[in-house]
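The values are calculated or read from the model by the stated rules, or taken from the named source; none is laboratory data. Remember, it's a predicted structure, so these values are computed and weren't measured experimentally. Please note: Cβ atoms are built from the backbone with ideal geometry, for glycine as well, and neighbour counts cover all protein chains shown.
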Amino acid sequence: MITLTEEEWTRIRKQLKAEYAWKPSVLLIRETMRRELGFTTRSHEHWVDDGDIGSGYRITMYLDFYDDAAETFFRMKYL
């Protein structure tokens with residue numbers, strides 16, 4: 001499992017969207033995402049009190065991998 005901030009996921013998602021422009025279902029259908037990329041995504045929204053910066057909800061993205069090799073490749077390519 002890889003944990004990302006909303007900003008990190010947005011950057012990576014843009015890269016994936018450009019790479020898989022010929023097959024948009026990769027990012028839209030969980031089964032296709034799992035088959036093609038080796039992971040599925042889930043998000044959690046939680047309250048954060050940052051004091052001076054301000055309070056608010058933050059989104060954390062989790063990438064759940066089903067293959068260690070796919071996770072290693074993802075880390076090398078995108079992180």
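Would you call Thr5 in contact (Cβ under 8 Å) with a residue 12 or more places away in the chain and touching a His at 6+ places or on another chain (Cβ under 7 Å)?
no
Can you tell me which residues in segment 6-22 are surrounded by 11 or more Cβ atoms within 10 Å (Cβ to Cβ), over 19 Å from Met76 (Cβ atoms) and at pLDDT 95 or above? Explain how you work it out, then say what you get.
Step one: filter segment 6-22 for residues surrounded by 11 or more Cβ atoms within 10 Å (Cβ to Cβ), giving 6, 8-13, 15-17, 19-20.
From the residues that got through so far, the ones that are over 19 Å from Met76 (Cβ atoms) too are 6, 10, 17.
Once the filter is applied, which keeps residues that are surrounded by 11 or more Cβ atoms within 10 Å (Cβ to Cβ), over 19 Å from Met76 (Cβ atoms) and at pLDDT 95 or above, segment 6-22 yields Thr10, Lys17.
All but one of (1) surrounded by 12 or more Cβ atoms within 10 Å (Cβ to Cβ); (2) under 10 Å from the mean Cα position of the chain (by Cα) hold for Thr3, so report the exception by its number.
Among (1) surrounded by 12 or more Cβ atoms within 10 Å (Cβ to Cβ); (2) under 10 Å from the mean Cα position of the chain (by Cα), the lone unmet condition for Thr3 is (1).
Identify, please: which residue in segment 30-44 is more than 17 Å from Phe73 (Cβ to Cβ) and more than 14 Å from the chain's Cα centre (by Cα) and is, among those, surrounded by the fewest Cβ atoms within 10 Å (Cβ to Cβ)?
Only one residue tops the list, namely Glu31.
Suppose we filter segment 29-59 for residues that are farther than 15 Å from Leu16 by Cα and of a type in the set (Lys, Arg); how many remain?
Residues meeting the conditions: 2.
Please work out which residue is nearest to Leu16 (Cα to Cα), limiting yourself to segment 60-75 and to residues that are crowded, with 17+ Cβ neighbours inside 10 Å and in contact with a Ser or Thr (Cβ under 7 Å, 6 or more places away or on another chain).
Taking the candidates together, the pick is Leu63.
Which condition from (1) modelled with pLDDT of 95 or more; (2) in contact with a helix residue (DSSP H, G or I) (Cβ under 6 Å, 6 or more places away or on another chain); (3) of a type outside the set (Lys, Arg) is the one that Ile59 breaks?
Only one criterion in (1) modelled with pLDDT of 95 or more; (2) in contact with a helix residue (DSSP H, G or I) (Cβ under 6 Å, 6 or more places away or on another chain); (3) of a type outside the set (Lys, Arg) is unmet by Ile59, namely (1).
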